1. Residues of the range 183-198 being open to solvent by 70 Å² or more (accessible area, probe 1.4 Å) and farther than 16 Å from TYR119 by Cα, which ones?
2. Can you confirm whether PRO202 is surrounded by 20 or more Cβ atoms within 10 Å (Cβ to Cβ), farther than 11 Å from ALA116 by Cβ and away from the ligand (no atom under 16 Å from the Cβ)?
3. Mind counting the residues in the range 161-182 that are of a type outside the set (D, E, K, R) and either open to solvent by 60 Å² or more (accessible area, probe 1.4 Å) or part of a loop (DSSP other than H, G, I, E, B) (or both)?
4. Under the condition of being touching a strand residue (DSSP E or B) at 6+ places or on another chain (Cβ under 6 Å) and within 30 Å of PRO137 (Cβ to Cβ), which residue from the range 108-125 is farthest from the ligand (Cβ to nearest atom)?
5. Going by the structure shown, is ASN104 touching a residue at least 12 places away in the same chain (Cβ under 8 Å), more than 27 Å from ASP285 (Cβ to Cβ) and not small (Gly, Ala, Ser)?
6. Residue by residue through the range 171-199, note down the ones that are among the aliphatic types (A, V, I, L, M) and touching a Gly at 6+ places or on another chain (Cβ under 9 Å).
7. Among ASP258, ASP276, which is the only one that is surrounded by fewer than 22 Cβ atoms within 10 Å (Cβ to Cβ), within 17 Å of the chain's Cα centre (by Cα), within 16 Å of the ligand (Cβ to nearest atom) and assigned to a loop (DSSP other than H, G, I, E, B)?
8. Between a residue in the range 195-221 that is closer than 20 Å to ASP276 by Cα and any residue that is more than 16 Å from the ligand (Cβ to nearest atom) and at pLDDT below 95, which pairs come within a Cβ distance under 8 Å, given they are 6 or more apart or on different chains?
Amino acid sequence: MRRRNSNSRIGTRAGLPCVFAAVLLWAASCGGPGAPAFDGESAYAFLREQCDMGARYPGSTGHLRLRRYIVEKLGEFGASVSLQPFEGVLSTGDTLRLVNIIGNFNVGASKRIMLAAHYDTRPVADMDPDPANRLTPIIGANDGASGVAVLLEIARAIGGAKPPVGVDVVFLDGEDYGESGRPWDFCLGSAWFANNLKGYRPAAAIIVDMVGDSDLKIPREGYSSAASGRLVDELFGIAARLGVKQFANEPGHTIIDDHLPFIRAGIEAADLIDFDYPYWHTVADTPDKCSPASLEAVGRVLLEYIRSR
Ligand SMILES: [Zn+2]
């Protein structure tokens, strides 16, 4: 993703109580015994497995391998899986063959929540302090693998018991291929998805990106607060209620990321992101900079958000 300027402060209110659920297992639990649980170690294993595939930029072997891996895992967890292939056109005129991956849970539910993350990684480490590394593709443990890891673990957790609302996990392609200074060449998968909704209107779209930093601190991203304050309030209210310290209910950076096409499409959308990561777009964005506890912090909030719909 790409950073923008600063932001504005927006007030908060308490998170919603866990009221009801359509499915007994979820209803009985409300976070208690029997509730689908998010396992940080399991999520971290998903992160590592991705990084073991090497760089995963469009056109690379790792990118293709990861696509197959995500499809296989979603099938294993009981999702209805579909692919959305499209051609990403860059401002240079070059085209990329890209594929969004979609996993649906509780297909019959009309009320739906969308969770999304980009699965591609950046083809160049253009922010690396060493100029000799700047044409090297990144491994993207945090920028790429962390969001996918959270989504896969959510899918694993909810796969065993139908969630109270429809849940769609979307793995977006072509987020991080653009050149610095050309913001329209980023977020290609989310733009395609949001421009081809065909009647799909999730009640909320939550993007997770760069959520694995072992020193995780997620503030309120600027565009999310401005356009989707209620959703951001709910997420940070849940984090406070659960005692998840990695969510800091304060204004953060304003960032060009995969939530913007959804906001433009009139969907309530928020970006959970910790942009203060010294290894961003460098060859040092590796699994040792990430932790199971950080992934679990985000996953717990998302699961509780689903549970409290
Ligand atoms: Zn990036």
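1. Initially, the range 183-198 is screened for residues open to solvent by 70 Å² or more (accessible area, probe 1.4 Å), giving 184, 192, 195, 198.
Answer for the range 183-198, where residues must be open to solvent by 70 Å² or more (accessible area, probe 1.4 Å) and farther than 16 Å from TYR119 by Cα: TRP184, ASN195, LYS198.
2. Details: surrounded by 20 or more Cβ atoms within 10 Å (Cβ to Cβ): yes; farther than 11 Å from ALA116 by Cβ: no; away from the ligand (no atom under 16 Å from the Cβ): yes.
So PRO202 does not fit the description; no.
3. Here is the first cut: in the range 161-182, the residues of a type outside the set (D, E, K, R) are 161, 163-167, 169-172, 174, 177-178, 180-181.
Those left that are additionally either open to solvent by 60 Å² or more (accessible area, probe 1.4 Å) or part of a loop (DSSP other than H, G, I, E, B) (or both): 161, 163-165, 174, 177-178, 180-181.
The number of residues fulfilling the criteria is 9.
4. Filtering the range 108-125 for residues touching a strand residue (DSSP E or B) at 6+ places or on another chain (Cβ under 6 Å) gives 109, 112-119.
Now narrow it down to the ones that are within 30 Å of PRO137 (Cβ to Cβ): 114-119.
Numbers: MET114: 21, LEU115: 19, ALA116: 15, ALA117: 12, HIS118: 8, TYR119: 12 Å.
Result: MET114.
5. The answer is yes for ASN104.
6. Answer for the range 171-199, where residues must be among the aliphatic types (A, V, I, L, M) and touching a Gly at 6+ places or on another chain (Cβ under 9 Å): LEU172, LEU188, ALA191.
7. Numbers: ASP258 fails: surrounded by fewer than 22 Cβ atoms within 10 Å (Cβ to Cβ).
Matching residue, one of ASP258, ASP276: ASP276.
8. Listed by first residue and then by second, the contacts come to ARG220/ASN7; ARG220/ILE10; GLU221/ASN7.
The values are calculated or read from the model by the stated rules, or taken from the named source; none is laboratory data. The structure displayed is predicted, hence computed values, not measured ones. Here the Cβ is made from the backbone with ideal geometry for all residues, glycine too, and neighbour counts use every protein chain on show. SASA here: full protein model, heavy atoms, side chains in, ligands and nucleic acids out. Shrake-Rupley method; radii C 1.70, N 1.55, O 1.52, S 1.80 Å.
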